[in-house]
């Protein structure tokens, strides 16, 4: 699970930490990836990897659309609209019964299989699955790092600092913002694909607004504009419930307790350290 | 069609409830310029407190409601004091405050979930005693009438208060320009604190109203808030009158859309409408 | 040869006419001063030219060729214009060298992913830092620089754009003597290279020293124009400054 959240964290950090756009839609893309993979794998009979690819592309396209709409807004309104999209996505997951089976979700999502060059791997084995996810995490992490360190990344940071000013120097910020948003959406979808495969089913309830908020908290905690920080944030996010169980909190309220802790951490962070643990950027 | 009067009535009632939230949200936004994401949850916190006293402890209904309002007001005030005020002092950006309020929202909602469970709780056990009246072919319950009356009273009070008292003038001054207000000698922090108290209290009326009308559930806070924000935006952010109008426009459209759109899709559609509205008419209906 | 001609330019901010029917011609290759009392519309004029603010009516003609009624900020690079800001707009949470590199790299989304001229850019940026005396601060965050250093960095950033036209909005405000010399030197160099500089300044000595031609603005329109020495002696100009 850590790896999945790590992927999500990295993808969001690119948008929030580097480009300065506070987006609460990530769970929507996460969900799109999950659902797309599940549906395609089941109905069209494609293998996991192809489904994941298609899922990422679908998410990217939808991200393009959403990004286009979002480009009309700034700051506060931007956030509200992202919240809106998350809720719309949830509504679709929940209500478009013919496509998503609504609240029942999609079950029996297959695990990946590789049948290449005489190498036969069936990822029903959890350990093997973990290895696979870690591989993808590494891929995405390095991709993100490449982006961040490139000239493109530098432009993103400039957009974050002063969007109007960077435009004076010849950059059309609109395209850059759109591009990174789409990339981020695709990455989140990959996480979703793995999630669906890991649990072998998907349901709308995972992709709620609160999930996006959790991902956001995770990267703020770990550090904005710092990819290693996102890994750290994901690590803490996954570790926290275990820690609390250890300390003796009853299981029934574990989820809520985790959210409370996150809420409080978020507030404390804003007051004392808006850039996060390893972050390089204050909101 | 027989259903139309009922829809109109429902819209008016729903509109009043949302108006509470929209107006109070605008009140706070006007002076502080940040979107308080925790506002809705504070509102239903008030509802829950009322619920606690009324249902769990069996106290008098009116007293419980008042306690709920006060509790919410107090909570809002406390949040301002310990979180938003220090941030404002540091000239924190609007984004930081917004994210902080998201944190507050998360923690508060989860807290409510722990203490009151995620199930629906209704305040309206009095449905047994609740009289039904018929107006123009539509039914309305006694509680709903109370809600309407409350909305009316609050509206009038607020308008008078803001326009004619010194406090109201100070609030307007702060909304226009906080720095200048400070220079002129207005104690902005105290007034903003009071605004949080009043605003949260008014929102709580909405929360309690919802509790009576449909029932409470922890995630309702954000839902109400988003409706409130939509109403505020439609009517014109920062304008108290606008919030009222926006609330009713919203609920009328939402209710009448039942003719074309099945119930579960309404949330999503509401947002699509809001987004379209924001794109084409961000200033809202009232010209500022 | 007029590199920029402005005709009946109007900018209205909700009832306040910041720029009111302004018409003037800016000759190529000269240092042109724009002076006037506070609120006369100088900054707004420059903002209009650089696309920061929308033109309400009127037009801007570039090089006797392009007639524009709408200017978008990212288009001014193609018009060979660059600028600095009165309030200094740097990329605060980025390093000094990054602030410079970001104006050197590819402007297209795809191009910036696969930047091929990295070494060249780095060299250019470092040379510029040396020219303005900021090499020591290369890896510092922009927000940690002193006021004067920030102004220098802004100018360095503009210089790297290598455009024909430079709009400097009060570049000397608040600078100490040594830095004033550096900036004056830069403007003189630009003039030697045949570039056009539009300079908003309040310091009359500098205007006299640096500009070839001066426009005086007042209340959004042109009050007077001419050689610096003669313009500064005009009664109407002196009255505009004192009478306000």
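Before moving on, here are some points about what is shown:
- Counting only Cα atoms, the size of segment C:63-189 along its three principal axes is 40, 36, 25 Å, in decreasing order.
- Cα-based convex hull volume of segment C:1-58 per residue, rounded to whole Å³: 80 Å³
- Evaluated at q = 0.11, 0.20 Å⁻¹, the base-10 log of the normalised Debye intensity for segment A:181-246, with identical point scatterers placed on the Cα atoms, takes the values -0.31, -1.01.
- Per-residue mean of C-beta atoms belonging to partner chains within 10 Å, peptide A:75-82: 6
- For the peptides A:186-195, B:69-78, B:161-170, B:267-276, the ranking by packing is A:186-195, B:69-78, B:267-276, B:161-170, with the highest mean count of neighbouring Cβ atoms within 10 Å listed first.
- Helix axis angle, C:147-159 relative to chain C longest principal axis, alpha carbon, degrees: 90 degrees
- Look at the stretch A:209-216: the mean tally of other chain Cβ atoms within 10 Å of its residues' Cβ atoms is 3.
- Inverse of mean 1/r across different Cα pairs in segment B:54-109, Kirkwood, Å: 13.0 Å
- Helix axis angle, C:177-192 relative to chain C longest principal axis, alpha carbon, degrees: 80 degrees
- Cα-based convex hull, chain C, per residue volume (Å³, whole number): 137 Å³
- Computed log₁₀ I(q)/I(0) - Debye formula, equal Cα scatterers, no solvent, segment C:26-120, q 0.16, 0.18 Å⁻¹: -0.91, -1.07
- Per the Cα gyration tensor, segment B:3-280 maps to an equivalent ellipsoid with semi-axes of 30, 22, 19 Å, ordered largest to smallest.
- Semi-axes of the equivalent ellipsoid for segment B:28-78, computed as √(5λ) from the eigenvalues of its C-alpha gyration tensor and ordered from largest down, come to 26, 9, 7 Å.
- Angle between chain C longest axis and helix C:118-132 axis [Cα atoms, degrees, rounded to 10]: 50 degrees
- When peptides C:194-207, C:106-119 are ranked by their average number of other Cβ atoms within 10 Å per residue, the highest-first order is C:194-207, C:106-119.
- Exercise: per-residue mean of other protein chain Cβ atoms within 10 Å, A:156-163: 5
- Among B:99-105, B:28-34, sorting by the average number of other beta carbon atoms lying within 10 angstrom of each residue, highest first, gives B:99-105, B:28-34.
- Calculated FRET efficiency, residue C:124 to residue A:72, Cβ-Cβ distance, R0 = 30 Å: about 0.25 to the nearest 0.05.
- Label-point separation in nm, residue C:227 to residue B:184, each point 7 Å along Cα→Cβ: 5.3 nm
- Between segment C:12-51 and segment A:137-195, the alpha-carbon center distance in angstrom: 37 Å
- Value of [θ]222 nm, deg cm²/dmol, for chain C, DSSP H segments ≥ 4, -39500 (n - 2.57) each, nearest 500: -10000 deg cm²/dmol
- Stokes-Einstein diffusion coefficient of segment A:134-264, Kirkwood radius over Cα pairs, 10 °C, 1.306 mPa s, in µm²/s: 93 µm²/s
- Neighbour-count order for A:198, C:177, A:90, fewest beta carbons within 10 angstrom listed first: C:177, A:198, A:90
- Principal axis box of segment C:38-87, alpha-carbon based, largest edge first, Å: 32, 22, 16
Values in this text are rule-based calculations from the coordinates and carry no lab data. None of these values were measured; they are calculated from a predicted model. Neighbour counts are summed over all protein chains in view; Cβ atoms, including those assigned to glycine, are modelled from backbone coordinates with ideal geometry.
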